[in-house]
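Derivation of every value follows stated rules applied to the coordinates shown; laboratory data play no part. Since the model is a prediction, treat every value here as computed from it, not as a measurement. So basically every Cβ, Gly included, is an ideal-geometry build from the backbone, and we count neighbours across all protein chains shown.
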Amino acid sequence: MSRLSSLLATCFGIGRMPFASGTFASAAALPFGVLLAMRGPVAIMIGALVATIVGVWACGQHAAKLGVADPSECVLDEVAGQWIALIPIAMYGRIFDWRLYAISFLLFRLFDVLKLWPLSAAERLPGGYGVMADDVLAGLIAAVLLWAALANGWM
């Protein structure tokens, strides 16, 4: 297995934690997401896109070498999904409102853990696409809900 793909797929070892590795990876992604959000919505969108593209490759390589469709230690998908969930914060310029980051985190983790349809169907895609797709969709759902709350003045 390529050392680089494993390092990236596991977010430099976070994915090898004995429990809740996805939650820890999402939490580790937050400070970097804040920095991207401070640069504006385009910056965090680009960051999420790069994490997704790299994740398809790295997680696909790592999963293939292990012979497992979606190894639990592949957590780069959590980074991409969490950053997607932060996009509305940057769109609305609410980058210093810590409550929104907490809500974004909780929404993303909720949808990632529940894996309701269409997330459950997306993870059946082949290779790295399946590893990444469900978390990207969970991030999108969380982002849409957060955007709707902000757009309607509920937050």
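Distance in nm between label sites at residue 72 and residue 151, each 7 Å beyond Cα in the beta-carbon direction?
Output for this residue pair reads 3.8 nm.
Which angle between 0 and 90 degrees, to the nearest 10, do you get for helix 127-151 versus the longest principal axis of the chain when only C-alpha atoms count?
10 degrees
Read phi for every residue in the range 33-50 and hand back ³J(HN,Hα) as whole Hz from Karplus 6.51 cos²θ - 1.76 cosθ + 1.60, θ = phi - 60°, with x for Gly and Pro.
Taking θ as phi minus 60°, the curve returns x, 4, 4, 5, 4, 5, 8, x, x, 5, 4, 6, 5, 5, x, 5, 5, 5 Hz for the range 33-50.
Report the relative contact order of the chain, percent, no decimals, based on alpha-carbon pairs under 8 angstrom and at least 6 residues apart. Could you put the intermediate results ahead of the total?
Values: 254 pairs, mean separation 43.6, N = 155.
Once normalised by length, the contact order is 28 percent.
Could you give the angle, 0 to 90 degrees to the nearest 10, between helix 98-114's Cα long axis and the longest principal axis of the Cα atoms of the chain?
On a 0 to 90 degree scale, this one is about 40.
Please check: in the Gaussian network model of the chain (C-alpha springs, under 10 Å), which one of 142, 20, 29 has the largest mean-square fluctuation.
Among 142, 20, 29, the largest GNM mean-square fluctuation belongs to 20.
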